[in-house]
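Participant: There's a structure below that I have some questions on.
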Amino acid sequence: MSTGYLWHEVFGWHDTGTGTLFPADPAAGHQPISHHVAHPDTKRRMHELICVSGLIDHLTRITGREATREEITRVHTPAHVDRIAAESEQPKGGDAGDGISPFGKGAYRIAALGAGSAIAMTEAVVRGEVDNGYALVNPAGHHALPETGLGFCIFNNVAIAAKHAQAVLGIERLAIVDWDVHHGNGAQAIFADDPSVLTVSLHQDRCFPPNSGLVEERGTGAGEGYNVNIPMPVGCGDGAYQYAAETVIGPALDAFRPELVLVASGFDPNAMDPLARQLVTTRGFTTLTRTVMDAAERHSQGRLVLVQEGGYSPVYVPFCGLATIETLAGVHVLDDAILPVVGGMGGHDLEPHQRALVDRVATHLGDIASPSSA
Ligand SMILES: [Zn+2]
């Protein structure tokens with residue numbers, strides 16, 4: 001088993017400014033702060049734990065590159081790409097599109113490197129250079145829509161990698177599993193009417209974007225049934241996440257039989273995250289990772305690519321990332337030092353209302369056709 005790994009130091013230089021969540025504004029009471037909630041130190045710390053723990057010695061480093069304009073515009077409008085490029089040249093940078101997603105000067109090239117790194121890891125896996133891989137990129141991408149950035153995201157890294165796999169790498173059918181705690185609205189919108197891409201989003205009910213990611217949003221036209229939303233109630237722990245993995249994620253992939261599995265890997269369902277209200281520990285992320293690995297083994301020759309999305313606890317995200325990549329690589333180098341605390345706070349047993357939501361989603365899986373049944 002060989003696992004690819006990608007990080008570039010410039011991802012740690014993505015400047016999210018001195019606002020907290022909103023830009024600093026005394027009139028509105030927004031004080032400046034040293035760490036915006038999406039400050040890149042969280043991901044830099046994850047990379048450093050991967051190095052210091054020795055996990056890096058079990059991984060194959062993959063080198064990213066900046067995605068080209070042609071590759072980015074497979075997903076995004078030229079107007080969006082041009083606007084990001086122009087604001088990126090301004091002395092103080094700009095905003096991805098919603099006023100809470102600031103970026104500094106030069107961010108275009110960092111965002112293009114994020115998208116190109118998702119592409120590079122996908123190429124390495126599809127071409128068999130590694131069995132699976134983790135691209136630790138920054139900024140995140142899964143909220144970005146064709147015409148705008150959103151929710152700290154500039155370009156939709158995973159969607160760009162998916163389009164590249166279909167356009168260049170000979171992949172026809174692929175699945176995108178998004179376990180960031182916020183809805184994977186970008187892929188849902190981009191592939192809504194496309195039955196060649198199964199999108200599955202496991203997220204907290206109506207967390208972000210507002211009122212997005214309901215069970216009833218199931219794709220449109222020829223793509224109806226190929227978008228699966230699992231909007232988990234507030235307060236889900238490892239038990240609820242395991243049930244969702246076993247009851248929806250695995251079976252959805254079994255029904256679809258993709259040739260490649262991409263994962264939008266956010267660690268913000270974790271129990272210490274400031275931007276959500278879930279209780280997941282490294283046990284939950286290990287379960288999710290095993291679920292997609294097993295499905296990729298059954299249907300995709302093991303081809304599995306994880307790309308970093310959100311995660312806002314500088315304390316716990318590094319351990320969540322470590323456990324996830326340990327699982328991918330089939331090694332264990334370091335115990336989760338935070339688990340004795342967060343694992344003992346309760347909330348990890350599957351509750352009846354959590355089971356009911358997951359069971360309701362599962363009733364729709366019969367609409368997913370595999371190649372043989374299509
Ligand atoms: Zn998120």
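Participant: Within region 11-57, track down each residue that is among the aliphatic types (A, V, I, L, M) and more than 23 Å from residue 154 (Cα to Cα).
Facilitator: 27, 28, 49, 50, 52, 55, 56, listed by residue number.
Participant: In region 99-118, is there at least one residue being free of Cβ contacts under 8 Å to residues at least 12 places away in the same chain, surrounded by fewer than 22 Cβ atoms within 10 Å (Cβ to Cβ) and not in a helix (DSSP H, G or I)?
Facilitator: Within region 99-118, none of the residues are free of Cβ contacts under 8 Å to residues at least 12 places away in the same chain, surrounded by fewer than 22 Cβ atoms within 10 Å (Cβ to Cβ) and not in a helix (DSSP H, G or I).
Participant: Here is a follow-up. Tally time: how many residues in region 69-94 are open to solvent by 30 Å² or more (accessible area, probe 1.4 Å), without any contact (Cβ under 8 Å) to a residue 24 or more places away in the chain and within 17 Å of residue 147 (Cβ to Cβ)?
Facilitator: 8
Participant: Could you identify the single residue in 303, 298, 360, 355 that is surrounded by 17 or more Cβ atoms within 10 Å (Cβ to Cβ) and not aromatic (Phe, Trp, Tyr)?
Facilitator: 303
Participant: So, one more: Looking only at region 4-17, decide whether some residue is touching a residue at least 40 places away in the same chain (Cβ under 8 Å), open to solvent by 80 Å² or more (accessible area, probe 1.4 Å) and touching a Lys or Arg at 6+ places or on another chain (Cβ under 9 Å).
Facilitator: Yes: one or more hits.
Participant: Given the options 311, 343, name the one that is open to solvent by less than 10 Å² (accessible area, probe 1.4 Å) and within 30 Å of residue 137 (Cα to Cα).
Facilitator: On inspection, the qualifying residue turns out to be 311.
Participant: Then there's this: Any idea which of (1) within 13 Å of the ligand (Cβ to nearest atom); (2) more than 27 Å from residue 302 (Cα to Cα) is the one residue 205 doesn't satisfy?
Facilitator: (1)
Participant: I'd like the residue in region 171-192 that is under 17 Å from residue 364 (Cβ atoms) and more than 16 Å from the ligand (Cβ to nearest atom) and, out of all such residues, is most open to solvent (accessible area, probe 1.4 Å).
Facilitator: 192
Here's the yes/no breakdown for (1) within 15 Å of the chain's Cα centre (by Cα); (2) among the aromatic types (Phe, Trp, Tyr); (3) within 30 Å of residue 196 (Cα to Cα):
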{"position": "307", "(1), (2), (3)": "yes, no, yes"}
{"position": "317", "(1), (2), (3)": "yes, no, no"}
{"position": "337", "(1), (2), (3)": "no, no, no"}
{"position": "359", "(1), (2), (3)": "no, no, yes"}
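Participant: Hey, can you tell me all the residues within region 19-32 that are open to solvent by 80 Å² or more (accessible area, probe 1.4 Å) and without any contact (Cβ under 8 Å) to a residue 24 or more places away in the chain?
Facilitator: Passing the criteria: 26, 27, 31, 32.
Participant: Does region 256-274 include one or more residues that are in contact with a His (Cβ under 9 Å, 6 or more places away or on another chain), surrounded by fewer than 24 Cβ atoms within 10 Å (Cβ to Cβ) and among the charged types (D, E, K, R)?
Facilitator: Yes: region 256-274 contains one or more residues that are in contact with a His (Cβ under 9 Å, 6 or more places away or on another chain), surrounded by fewer than 24 Cβ atoms within 10 Å (Cβ to Cβ) and among the charged types (D, E, K, R).
Participant: Just to check your reading of the model, which residue among 49, 59 is farther than 18 Å from residue 314 by Cβ and surrounded by 14 or more Cβ atoms within 10 Å (Cβ to Cβ)?
Facilitator: It is 59.
Participant: Any idea how many residues of region 137-155 are surrounded by fewer than 24 Cβ atoms within 10 Å (Cβ to Cβ) and in contact with a Lys or Arg (Cβ under 9 Å, 6 or more places away or on another chain)?
Facilitator: Counting residues in region 137-155 that are surrounded by fewer than 24 Cβ atoms within 10 Å (Cβ to Cβ) and in contact with a Lys or Arg (Cβ under 9 Å, 6 or more places away or on another chain) gives 1.
Participant: Looking only at residues in region 38-68 that are aliphatic (A, V, I, L, M) and out of contact with any helix residue (DSSP H, G or I) (no Cβ under 7 Å at 6 or more places or on another chain), which one is nearest to residue 147 (Cα to Cα)?
Facilitator: 38
The values are calculated or read from the model by the stated rules, or taken from the named source; none is laboratory data. As the structure is a prediction and not an experimental result, all values here were calculated from the model. Please note: Cβ atoms are built from the backbone with ideal geometry, for glycine as well, and neighbour counts cover all protein chains shown. Note: accessible area is taken over every heavy atom of the protein model, side chains too, but ligands, DNA and RNA are not part of it. Shrake-Rupley method; radii C 1.70, N 1.55, O 1.52, S 1.80 Å.
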